[in-house]
Amino acid sequence: MKKLAFTLAEVLITLGIIGVVAAMTLPTLITNYQKRATVAKLKRAYSVIKQAYLMSYDQVGDLHPNNIRLLGKYYYFKTYWAPYIQATHCNSFIECGYASNDKPWKNPNGKPVGTTAMDERVFYTNDGFLYGINLAAETINVDLNGPKGPNQYGRDVFSFAKVSDAKGNNLYLRCYEMSDFMLRPHCARNNGACCAEKIRRDGWKITKDYPW
């Protein structure tokens, strides 16, 4: 009986085809996984920091930014945040592992985004998220993997806002009040500050028009 077998050439051609298909599809699979993981981490980070803020506000209230600056970021964090969230604080972004204190993050186009280091209280939570509370602007940034990189708004850095409105004090995704038209340029290649809100409006998904 004649045995069926593949020639070496046929095996090499088959492996070559498999390699080409893998090279074409693997980057897409990796990117899709990274996007899903980013959204899951963002939702968790937002839930953690919002719960801590609401607990704090219910117990001790909050201060106007001018009063926060007078109190100082160390004592503000100690009184209004530390009792309500398990965290390890840093004295600066550099102490937390970043290369810069005043420009730790960047926009999707790679341009560094400045921050006033003296107004920023930086801390880690137990799940590895790094938060920076900007005492003057009443915004809170989260870096989902700390200083590891890419340290980019819309990829691993997202922004929330402390808001006092008719419903009381709350923590929203930054730019929550903008229309879709107004939001669009604030989640783009040259500005990723409001990308968390775009993700939420798109059903907690990173869509094709997102500046990934």
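Within the set 110, 149, 132, the sole residue that is surrounded by 15 or more Cβ atoms within 10 Å (Cβ to Cβ) and within 24 Å of residue 210 (Cβ to Cβ) turns out to be 132. The set of residues in the range 176-212 being without any contact (Cβ under 8 Å) to a residue 12 or more places away in the chain and loosely packed, with under 13 Cβ neighbours inside 10 Å consists of 177, 179, 181, 182, 185, 203, 207, 208, 209.
For the range 162-175, a residue qualifies if it is under 17 Å from residue 113 (Cβ atoms) and either among the aromatic types (Phe, Trp, Tyr) or open to solvent by less than 20 Å² (accessible area, probe 1.4 Å) (or both), and exactly one does: 175. Scanning the range 181-212 for residues that are among the acidic types (Asp, Glu) and at pLDDT 95 or above turns up 197, 202. Here residue 71 meets the list (1) under 14 Å from the mean Cα position of the chain (by Cα); (2) surrounded by fewer than 18 Cβ atoms within 10 Å (Cβ to Cβ) almost entirely, failing just condition (1).
The values are calculated or read from the model by the stated rules, or taken from the named source; none is laboratory data. Just so we're clear, the structure is a prediction, and the values are computed from it rather than from any experiment. Here the Cβ is made from the backbone with ideal geometry for all residues, glycine too, and neighbour counts use every protein chain on show. Ligands, DNA and RNA are stripped out before the accessible areas are found, and what is left, the full protein with its side chains, is counted by its heavy atoms. Shrake-Rupley method; radii C 1.70, N 1.55, O 1.52, S 1.80 Å.
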